[in-house]
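What follows is a single structure, written as structure tokens, with notes after it.
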Amino acid sequence: MKIIMLGAPGAGKGTQAKMIAERYQIPHISTGDIFRANIKNGTQLGMEAKKYMDQGLLVPDELTVKILLDRVAQEDCKNGYVLDGFPRTIPQAEVLDKALAELGEAIDYAINVDVPDENIVRRMSGRRACLSCGATYHVEHIPPKQEGVCDNCGQALVLRDDDKPETVQNRLKVYHEQTQPLIDFYTAKGVLKTVDGTVDMKDVFEAIVSILK
Ligand code: ADP
Ligand code: ADP
Ligand code: ZN
């Protein structure tokens, strides 16, 4: 099963993608996590990506597409995967589509997690991330067991640089201009499913599971 998560930054794509990955035993692939791991390790790719990420801009397609195609070609992806944060532009979607078509494959579901902009800024300022294992929490809605500490790996949680309100506004603008057109792209392919992302995370997940059945 090949699944794409669509939605604004902070809509809950990552939260749901992790639950889907666990339930269906497929890898969760987040391009944002891959970039953040590269930044943390000080790689060339990380340094390049950071310039864009810090401003709330998209990392150029040339850099992003190659990383994603390499990742989905790995052995653990043969039974499918859930993509979180890719594609984010029409050209990215077209490259993925073409690469899959060459293998006689296609995306099965594009799940659009729908959350209005008004809710997003509030969610992002409360998001806390673990840069070690990629887990995310929310100070009010989804708190860790111990404040400021990751439940999975015990590392300190941080407010991401790009989750500050000024940057979030830029990211929303970029989302509407460059990523939202993917909703029409996947609707035309007959695989788009929209869920209400404003309800409790467990209820969002239930809605997704009933689509994937
Ligand atoms: P969020 O989960 O809040 O939407 P991500 O972790 O997916 O954020 O992405 C963080 C940043 O990483 C983005 O704002 C962008 O700069 C970069 N990024 C991640 N995925 C992509 C992509 N597919 N194309 C371009 N840039 C990307
Ligand atoms: P995305 O990957 O789309 O950027 P995340 O999954 O990181 O979004 O979620 C953004 C923030 O909102 C995180 O702090 C997360 O814990 C919180 N969150 C996710 N889903 C919900 C929900 N259904 N209700 C309230 N908060 C949520
Ligand atoms: Zn962790």
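Against the criterion of being crowded, with 16+ Cβ neighbours inside 10 Å, at pLDDT 95 or above, among the aliphatic types (A, V, I, L, M) and within 16 Å of ligand 3 (Cβ to nearest atom), Ala21 qualifies. The condition (being over 18 Å from the mean Cα position of the chain (by Cα), closer than 30 Å to Lys189 by Cβ and outside any strand (DSSP E or B)) is satisfied by just one residue among Gly154, Gly104: Gly104. Of all residues in segment 24-33, those satisfying the criterion of being in a helix (DSSP H, G or I) and away from ligand 3 (no atom under 16 Å from the Cβ) are Tyr24, Thr31.
Out of Thr64, Thr15, one residue alone is near ligand 1 (Cβ under 9 Å from one of its atoms) and either without any contact (Cβ under 8 Å) to a residue 40 or more places away in the chain or of a type in the set (Val, Ile, Thr) (or both). It is Thr64. Out of everything in segment 131-157 that is hydroxyl-bearing (Ser, Thr, Tyr) and within 14 Å of ligand 1 (Cβ to nearest atom), what residue ends up being nearest to Ile34 (Cα to Cα)? Result: Thr136.
Scanning segment 173-183 finds no residues that are surrounded by fewer than 16 Cβ atoms within 10 Å (Cβ to Cβ), within 16 Å of Gly12 (Cβ to Cβ), within 14 Å of ligand 2 (Cβ to nearest atom) and at pLDDT 95 or above. Screening segment 136-172 for residues that are surrounded by 20 or more Cβ atoms within 10 Å (Cβ to Cβ) and among the aliphatic types (A, V, I, L, M) and picking the one that is farthest from Lys18 (Cα to Cα) gives Val168. Close contacts from segment 84-106, counting a first residue that is within 22 Å of Gly14 (Cα to Cα) and a second that is polar (S, T, N, Q) and outside any helix (DSSP H, G or I), with Cβ to Cβ under 9 Å and a gap of 6+ residues or different chains, come to Asp84/Ser30; Gly85/Ser30; Phe86/Ser30. Of the numbered criteria (1) farther than 22 Å from Ile142 by Cβ; (2) crowded, with 17+ Cβ neighbours inside 10 Å; (3) within 16 Å of ligand 3 (Cβ to nearest atom), the one Val59 fails is (3).
The values are calculated or read from the model by the stated rules, or taken from the named source; none is laboratory data. Since the model is a prediction, treat every value here as computed from it, not as a measurement. A quick note on method: Cβ atoms are made from the backbone with ideal geometry, for glycine too, and the neighbour counts reach across all protein chains shown.
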